[in-house]
2 protein chains.
Amino acid sequence: MAAELAALRAAVALGGVLDPADPAAGFVRDERGLLPSHPAAVLRPRSTEQVATAVALCARHGVPVVPFAGGTGLVGGAVPLGEASQLVLSVRALDRIRSVDAADFALTAEAGCVVADVQRTAEEAGLLFPLRLASEGSCRIGGVVATNAGGSNVLRYGMTRDLVLGLEAVLPDGRIWHGLRSLRKDNSGYDLKQLLIGSEGTLGVVTAATLRLFPRPGHRAVALLALPGLAPLAGLLALAREVCEDRLTALELFGRTGLELVLRHLTGHRDPFARPHPQYLLVEASAGRDGAALTAQLEHFLAEAIERGWALDAVPALDRPQAQALWGLREALPEAEKRAGGAVKHDVGVPLGALGAFVAAAAERLARRYPAAVLNAFGHVGDGNVHLNVLVPAGTDRAALSALVYELVQEYAGTISAEHGIGVLKREALTQVRSPLELALLRAVKDALDPHGIMNPGKLLAAAPPAQDGGSTPK
Amino acid sequence: MAAELAALRAAVALGGVLDPADPAAGFVRDERGLLPSHPAAVLRPRSTEQVATAVALCARHGVPVVPFAGGTGLVGGAVPLGEASQLVLSVRALDRIRSVDAADFALTAEAGCVVADVQRTAEEAGLLFPLRLASEGSCRIGGVVATNAGGSNVLRYGMTRDLVLGLEAVLPDGRIWHGLRSLRKDNSGYDLKQLLIGSEGTLGVVTAATLRLFPRPGHRAVALLALPGLAPLAGLLALAREVCEDRLTALELFGRTGLELVLRHLTGHRDPFARPHPQYLLVEASAGRDGAALTAQLEHFLAEAIERGWALDAVPALDRPQAQALWGLREALPEAEKRAGGAVKHDVGVPLGALGAFVAAAAERLARRYPAAVLNAFGHVGDGNVHLNVLVPAGTDRAALSALVYELVQEYAGTISAEHGIGVLKREALTQVRSPLELALLRAVKDALDPHGIMNPGKLLAAAPPAQDGGSTPK
């Protein structure tokens, strides 16, 4: 590896090939603290061309490359594996917003741009970049594209996949793919960008993306519903879509357990209801112009939900601080959980109509097998995505518990990763839930684009045995 | 080929391996009448398993397979090439709607289901399947998935790609991929369905799809605007999105030329305005519940468009027949064009903000080079997609004219196929507009999934030379 690093240092004006011991390389670590991080070195290219030069060199020398952006991933997808055997390639210095075109409802940002900065730039152009994530203040465009990030606005605006119009990327042999288009419709050949979106750095390094923008909603209406249980969930979703139509932006579930964790472990929050309730549903709708009509729509939804017995009570936010307080309860859940000692996390998804039954079944099965465990289920129920997190006593076999959850997910035709991806933490689980044919197809795609296994080996799929020919550049 | 056909006849209970001379095989022809169609035979499997058996046999014998559904494509993607050297595999007998799940907002239909039947089934469940195509009465699910069909509702609901939640398909070696999921969010590995959507039958045979349904809009508001020219288009699009928000369903442009073609060649239509205008913009918005508010929104848009001078006049439809009459003008354009002797068609797209300038530039450049040509530009301008059709005198060099159009498309960072695909008619043009790297990537994907070039060879990409080993089944 020393010779290869010397070659990189000699060939690339990278503004630093950092030694892993360099304090400036300290940002390369696992967000969740579960995985060690021992990169061979940390590269900080300042342009797409420098990324290309570096990757071409790595391909020639057979050095594995781990693309790194915000480092906020939850499955270890950007953490180097092994002992100083993988090179981390940070795209953080590619942080330019290259263009904003309001007439085209599009913006082109480099991979190192922080999502919150992209949101702000869109807002300054009078538009909206709708990706809304807990980590939006630190996650970056390269990362959200590579992981097909979801978040709280998926119900209305889709996943990152739906927000990407074009990509620029460096392929595993160092060639630059210039695919920065802003077209809404383009059926001229296979849609190549779909390969890279959600590929978790295993098929190339995303260096820039052209992103869809939307009209900016001037009005938001937010409310919290108290539910008697999980049974009314499917009905509430259908009702909310019918009454609020496409203005429905978010539907977020959390339970009494979650609310109590927040109230117990964090300050500045209060229970908006006079008495405890089993479940809570946060609803948000937004509109551009007619705030009064929007409020009427949301009130109509609340009234109908209560009339049908699907909600026991409801608190509409009367102003922006109240709306923020309600959202604050939902957004505080991960931190409260961490303060309570952490949880075994499961980012799972099931068909929309089955979510209530699925969470109820999970609660029952967990209670039977792990009587001391506490289920904290919350998430984006408008998309069938629930974070099925379980607080367990020390010494619990976490792998066995997850296996139980994933078995139930399979029974409900669901997914073991709705939005966080596979990375290294779910790589083994993936081999359990996907058919041999699907695993072979994943491998076929990987081998077609990265025949020498240079890009983020060991993520999403097991690393292939090293190439026999020493990793020469494919044709 | 005779031996292979005998093997197929012997092995597969297909309810008919039709001789091409059989009148029952007459449906296999080119929709546009531009291409001859000489299949080696026409297979009509009745189940996914029969498709798999047939494809496995074809793979073993190296017989090329051309998947065929509705046969309404406009680029020859489903037409067999050569003289009785390719087998047509019709999926028309796979015509069952397997399930409708209103709580899951999803429906699973086999590849042979006609789109209009899927629309009707969704409607009976109180929901909407939003794909809206001129050919919806005859095109089929397998075809719209394989071509990533677009149509008139893309602005609000997206392309077919955005409507597909899961797929079942037979791969080029005859294996069945069971990918019928209904999940909104699933980041468990590369999104394999993205490969097959829009692949034009070159990577496998789609046998069924799970499709997204939406709340059914109970109210529609439609109007026709008369424009002074193309300059206000980008402004009108932004204004319509701002005022009508996500209720905006369609924005369709056509010119005076198109309207006159309709009035001259077809009966039952009339000019809704008292005087002629250079351009017309059809706008539709729809809502589930509050029809009065919807009408007010559309009227607000019309008033503001006229106040800004972007529209000279506007006709709102006051009832359903009037709305249908306005849509009728737009929908009659292809037929009127055909009656006028046909046109050189270009299904192109450019960035949203550039559409007006692009059409104006095309008109100017065509007038200079082809003074006798008549430009009939119309289409889905809310998506940047315009059908740039040119009526030309006999003897015009159609290829040279198209080359001129495609050159202009390149200058505007556009696409030579926004929604119709590549098929065989645009295969050569694709090699002109895509970079060598992109063409290599398309080929890499094709070779990874169809290493023996069995699936629809000669479509989208040139046929690869025949495999040396006789086409054995890949691992």
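For the range A:114-176, how big is the tail of P(r) above 17 Å, as a whole percent of Cα pairs? Don't skip to the answer; put the middle values down first.
On the way: 845 of 1953 pairs.
Across the range A:114-176, Cα pairs with separations above 17 Å total 43 percent.
With no solvent and one point on each alpha carbon, what is the Debye value of log10 I(q)/I(0) for the range B:55-146 at q = 0.19, 0.20 Å⁻¹?
Debye output, listed in q order: -0.87, -0.93.
So what is the relative contact order for chain A, in percent, with contacts set as C-alpha pairs under 8 Å and at least six apart?
Numbers: 999 pairs, mean separation 75.5, N = 475.
It rounds to 16 percent for chain A.
What number in nm² do you get for chain A if you take the convex hull of its Cα atoms and divide its surface by four? Don't jump to the answer; show the numbers that get you there.
Working: hull surface 92.7 nm².
Convex hull of Cα atoms, orientation-averaged projection: 23.2 nm².
How big is D for the range B:143-213, in µm² s⁻¹ as a whole number, if Stokes-Einstein is applied with the Kirkwood radius of its Cα pairs at 25 °C and 0.890 mPa s?
Numbers: Rh = 12.4 Å.
Rounded to a whole number, D works out at 198 µm²/s.
Taking 0.36 nm per residue of sequence separation and subtracting the Cα-Cα distance, how much length would be gained by fully extending the chain between A:ALA303 and A:GLN410, in nm to one decimal?
Gain in length upon complete extension: 34.9 nm.
Determine the sum of side-chain charges near B:PRO316: Lys and Arg each +1, Asp and Glu each -1, restricted to other residues whose C-beta is under 12 angstrom from that of B:PRO316.
Once positives and negatives cancel, what remains is -3.
Arranged by the count of other C-beta atoms within 10 angstrom, fewest first, what order do A:ASP104, B:ASP95 take? Present the calculation step by step, with values, prior to reporting the outcome.
Numbers: A:ASP104 26, B:ASP95 16.
Ranked by crowding around the Cβ, least crowded first: B:ASP95, A:ASP104.
With a ≥ b ≥ c taken as the square roots of the eigenvalues of the C-alpha gyration tensor of the range A:95-241, please select rounded if a/c is under 1.5 and otherwise prolate if a/b is larger than b/c or oblate if it is not?
Numbers: a/c = 2.01, a/b = 1.63, b/c = 1.23.
Prolate, since a/c reaches 1.5 and a/b exceeds b/c.
Please report, for A:LEU439, the nm distances (one decimal) from its label point, 7 Å out from Cα along the beta-carbon direction, to the equivalent points in the remaining copies, shortest first.
Inter-copy label distances (nm, one decimal, shortest first): 3.9.
So which GluC sites (Glu not before Pro) in the range A:5-110 are both in a DSSP loop and have at most 11 other Cβ atoms within 10 Å of their Cβ?
Details: sites: A:GLU31, A:GLU49, A:GLU83, A:GLU110; in loops: A:GLU31, A:GLU83.
In loop regions of the range A:5-110 (DSSP not H, G, I, E or B), the sparsely surrounded GluC sites (Glu not before Pro) are A:GLU83.
Which lysines have a Cα lying under 27 Å from the Cα of A:LYS446, excluding residues fewer than 8 positions away in the same chain?
Output for A:LYS446: A:LYS185, A:LYS193, A:LYS426, A:LYS459, A:LYS475, B:LYS185, B:LYS193, B:LYS446, B:LYS459, B:LYS475.
In the neighborhood of B:LEU224, defined by Cβ-to-Cβ distances under 11 Å, what is the net charge if each Lys or Arg adds +1 and each Asp or Glu adds -1?
Taking every Cβ under 11 Å from that of B:LEU224, the sum is -3.
Suppose you put the label 7 Å out from Cα in the Cβ direction; list, shortest first and in nm with one decimal, how far B:ALA102 is from each other copy's label.
Spacings between copies for this position, smallest first, are 4.4 nm.
Hey, how many Å between the Cα centroid of the range A:190-204 and the Cα centroid of the range A:275-302?
37 Å
Taking only DSSP H segments of four or more residues, each worth -39500 (n - 2.57), what value at 222 nm results for the protein assembly as shown once the sum is divided by all its residues, to the nearest 500 deg cm²/dmol? Walk me through the intermediate numbers first.
Details: 32 runs with 321 residues, N = 950.
Calculated at 222 nm, the ellipticity per residue is -10000 deg cm²/dmol.
List the residue ranges in chain B for DSSP H helices whose C-alpha atoms run 15 angstrom or more along the long axis and whose Kyte-Doolittle average is 1.0 or above. Don't jump to the answer; show the numbers that get you there.
Values: long enough: B:48-61 (20 Å, 0.41); B:233-244 (16 Å, 1.57); B:291-307 (24 Å, 0.55); B:320-331 (16 Å, -0.93); B:355-369 (21 Å, 0.53); B:398-411 (20 Å, 0.58); B:436-449 (20 Å, 0.83).
Qualifying helices: B:233-244.
So, counting K/R as plus one and D/E as minus one, what does the shell of residues with Cβ under 15 Å around A:LEU237 add up to?
-2
Distances from B:ARG398 to the same residue in each other copy, label points 7 Å out along Cα→Cβ, in nm, shortest first?
6.5
Evaluate the Debye formula for the protein assembly as shown with equal point scatterers sitting on the alpha carbons, no solvent, and hand back log10 of I(q)/I(0) at q = 0.06, 0.08, 0.10 Å⁻¹, in q order, two decimals.
Scattering profile of the protein assembly as shown, log10 relative to I(0): -0.42, -0.78, -1.25.
Residue by residue through the range B:132-139, which ³J(HN,Hα) values in whole Hz follow from phi under the Karplus form 6.51 cos²θ - 1.76 cosθ + 1.60 (θ = phi - 60°), with glycine and proline marked x?
For the range B:132-139, the Karplus-derived couplings read 9, 10, 4, 9, 4, x, 9, 6 Hz, x marking Gly and Pro.
Readers should treat all values here as calculations from the given coordinates under stated rules, not as data from a laboratory. Note that this is a predicted model, so its numbers are computed, not measured. Methodologically, a virtual Cβ is constructed for each residue, glycine included, from the backbone with ideal geometry; neighbour enumeration extends over all protein chains shown.
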